[in-house]
Amino acid sequence: MIITNVTLVDCEKALKGSVVIEGGTIKEVTEKMMDLGEDIIDGRGMTLMPAFIDMHAHLREPGYEYKEDLQTGMSAALKGGFVHLCAMANTNPVMDDEQKIATIMQRSEKLNLCDLTQVSAVTKGFEDDETSFVNFEKIRPLTKMFSNDGKNMGDEEAMKKALVNSKDLDFILSCHCEPETEMVEKYVETAKKVGGNLHICHISLKSTLDAIAKAKDEGINITCEVTPHHIFDYGLDYKVAPPFASEKDVEALLEGIKSGKIDVCATDHAPHSFEDKEKGMPGISNIEYAFSAYHTVFEKNGIDISKLSEMLSEKPAKMLGLNMGKIKPGMEANLVLADLKEEYEINPASFLSKGKNTPFAGRKVKGKILMTIKRGEIKYDNR
C-alpha cells in the first residue's frame, strides 16, 4: 500500500509526501508524490498521522455488555482513530487473575479490531489492603498496566508494595485519585520512599498539576494524563469522575500540556445506559470524537498538531513499549487520515458505541477522522 498526496504529521515533523507500507510495516517515508494506480491511496492533501493509543478506556466486558462490549467499543475507537486500547479492570468479574485476562485478550484477538492491553486490578476485587494483592508475576507477561481504577489505593503499605512491584517487574501503576490533589500528594510521598512507575489518571485541577510538576522537578518517576472533556469545557453540572473543574483549572491544564508536564491525552471513555446515567453513574462516552475535541482545543490555544500527536501516539507508545507512534520506517503501519479543517456537530445518535452519554450533543468540533489503518489494513474508512 502507498498513501500519497498527504501532509505527514507526527511528534517530530510536518511535511508533504507519501508513505510506502509493506507487510504491515512502514517501509519508506518520502517527500515525493506518487503517480496514482492500484494500491495507491490519494490522500487528497489531507493529514496522515500515527494512529492513536488510549491509555484509559472502559469497554465494560465482561459483565456490563448492556453498556458496551469489545466489538462496539473497538468499532467506536477505530472510528475515532484509536488502534490500541488500555481497558480498565472494573468489569464484572474484576480483571484480577491471569485466566480472566487471557480469556478477554483471546476474545479481542478473534475480533481483530483494535489491539488490547487489558489492565489488571492491583488487588483481588479491588480490596483496599496489602493482603489481597493479585499475582503480579503471573499476570505481568499478559499486561503492562495495573490499576484499581475508580478506587484509591488508600493503604500506604499496599501502595508501597504496588510501587515496588511496578519497579521490579516494569509495569505502569495507574492511579485514580479522590480527593484528587490530596491522594496524588500522598502517592508522591510514598514514591519518594520506594520509587516505582506511578501514573496519575485523568487530572482536572491546577493543584494536582502543581503537585505532579513539583514531583517531576524532584526527580520522581511520575506521569499523568488528561481527558478531552476536562479541557473542552468547565463548570458543567454533568457527572464525571473527577468532576468538571473551573476555568482557571482548564487554563492550568493547557499550560501543563504546553510545558510537557502533562504526558498523555487519554479518553476515559465510560459508556453507560440511559438508565444508569439517570441513576447518577459518572462517565462520558467520547472515544469517537476525542481527537476532534482535543484538536479543537489545541488549535484554539495555539498548540501545535505535532504536540497532540506526541500525546496521543508517541508518548503512550513509549510508555507501553509499542512499535508505533511515529511515521518512520520500521514502525508498524498504524495510521490515521484526517481532515483537520472539517467541522461537525457531536451527535450521539450516530455513535457506534452503545453509550450515548455526553453533555456535548450539538457542540461543534473540528477535525474528522477519514480512515484508520492498523498494520497496513484499513479498519475504518469514511472517505
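What the table below lists for this structure:
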read-out: So Ala293, is it in contact with a Phe, Trp or Tyr (Cβ under 6 Å, 6 or more places away or on another chain), among the hydrophobic types (A, V, I, L, M, F, W, C), farther than 15 Å from Cys11 by Cα and buried (at least 16 other Cβ atoms within 10 Å of the Cβ); value: yes
read-out: Tally, over segment 160-208, of residues that are touching a Gly at 6+ places or on another chain (Cβ under 9 Å) and of a type in the set (A, V, I, L, M, F, W, C); value: 6
read-out: Residues that are of a type in the set (Gly, Ala, Ser) and either closer than 15 Å to Ala87 by Cα or surrounded by fewer than 14 Cβ atoms within 10 Å (Cβ to Cβ) (or both), drawn from segment 109-161; value: Ser120, Ala121, Gly125, Ser147, Gly150, Gly154
read-out: Long-range neighbours under 6 Å by Cβ, at least six apart or interchain, first residue in a helix (DSSP H, G or I) within segment 180-197, second crowded, with 19+ Cβ neighbours inside 10 Å and among the β-branched types (Val, Ile, Thr); value: Glu180/Thr208; Thr181/Thr208; Val184/Ile200; Val184/Thr208
read-out: Criterion: under 19 Å from the mean Cα position of the chain (by Cα), at positive phi and either modelled with pLDDT of 95 or more or of a type outside the set (S, T, N, Q) (or both) - qualifying residue of His176, His202; value: His202
read-out: Tabulated pairs, segment 130-141, first over 16 Å from Asn152 (Cα atoms) and among the aromatic types (Phe, Trp, Tyr), second modelled with pLDDT of 95 or more and part of a helix (DSSP H, G or I), C-beta under 8 angstrom, 6+ apart or interchain; value: Phe136/Asn165
read-out: Qualifying residue in segment 224-231 (condition: aliphatic (A, V, I, L, M), part of a helix (DSSP H, G or I) and outside the structural domain of Thr358 (by TED's automatic domain parsing)); value: yes
read-out: Counted residues, segment 113-138 - those being farther than 30 Å from Met371 by Cα, in a loop (DSSP other than H, G, I, E, B) and either under 25 Å from the mean Cα position of the chain (by Cα) or outside the structural domain of Gly73 (by TED's automatic domain parsing) (or both); value: 3
read-out: Unmet requirement for Tyr64, which otherwise passes all of (1) outside the structural domain of Asp304 (by TED's automatic domain parsing); (2) under 27 Å from the mean Cα position of the chain (by Cα); value: (1)
read-out: Yes/no for Ala252 being in contact with a Lys or Arg (Cβ under 6 Å, 6 or more places away or on another chain), surrounded by 19 or more Cβ atoms within 10 Å (Cβ to Cβ) and part of a helix (DSSP H, G or I); value: yes
read-out: One residue from Tyr238, Tyr234 being over 30 Å from Glu61 (Cα atoms), outside any helix (DSSP H, G or I), assigned by TED's automatic domain parsing to the domain that holds Ala77 and hydroxyl-bearing (Ser, Thr, Tyr); value: Tyr234
read-out: Count - residues of segment 139-162 that are within 23 Å of the chain's Cα centre (by Cα) and assigned to a loop (DSSP other than H, G, I, E, B); value: 9
read-out: Any chance Ile212 is out of contact with any Pro (no Cβ under 7 Å at 6 or more places or on another chain) and under 15 Å from Met183 (Cβ atoms); value: yes
read-out: First in segment 354-370 and touching a residue at least 60 places away in the same chain (Cβ under 8 Å), second anywhere and surrounded by fewer than 22 Cβ atoms within 10 Å (Cβ to Cβ) and among the hydroxyl-bearing types (Ser, Thr, Tyr), Cβ under 7 Å, 6 or more apart; value: Lys354/Thr72; Pro359/Tyr238; Val365/Thr296; Val365/Tyr344; Lys366/Thr296; Gly367/Thr296; Lys368/Tyr344
read-out: Some residue of segment 279-289 being surrounded by fewer than 23 Cβ atoms within 10 Å (Cβ to Cβ), outside any loop (DSSP other than H, G, I, E, B) and either at positive phi or outside the structural domain of Asn357 (by TED's automatic domain parsing) (or both); value: no
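Table: residues versus (1) out of contact with any Phe, Trp or Tyr (no Cβ under 9 Å at 6 or more places or on another chain); (2) surrounded by fewer than 23 Cβ atoms within 10 Å (Cβ to Cβ); (3) at pLDDT 95 or above.
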| site | (1), (2), (3) |
| --- | --- |
| Leu337 | yes, no, yes |
| Glu342 | yes, yes, yes |
| Lys354 | no, yes, yes |
| Asn357 | no, no, yes |
| Val365 | no, yes, yes |
| Arg375 | yes, yes, yes |
| Arg383 | yes, yes, no |
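The values are calculated or read from the model by the stated rules, or taken from the named source; none is laboratory data. Remember, predicted model here, so these are calculated numbers, not experimental data. Heads up, the Cβs are rebuilt from the backbone with ideal geometry, glycines too, and the neighbour counts pull from every protein chain shown.
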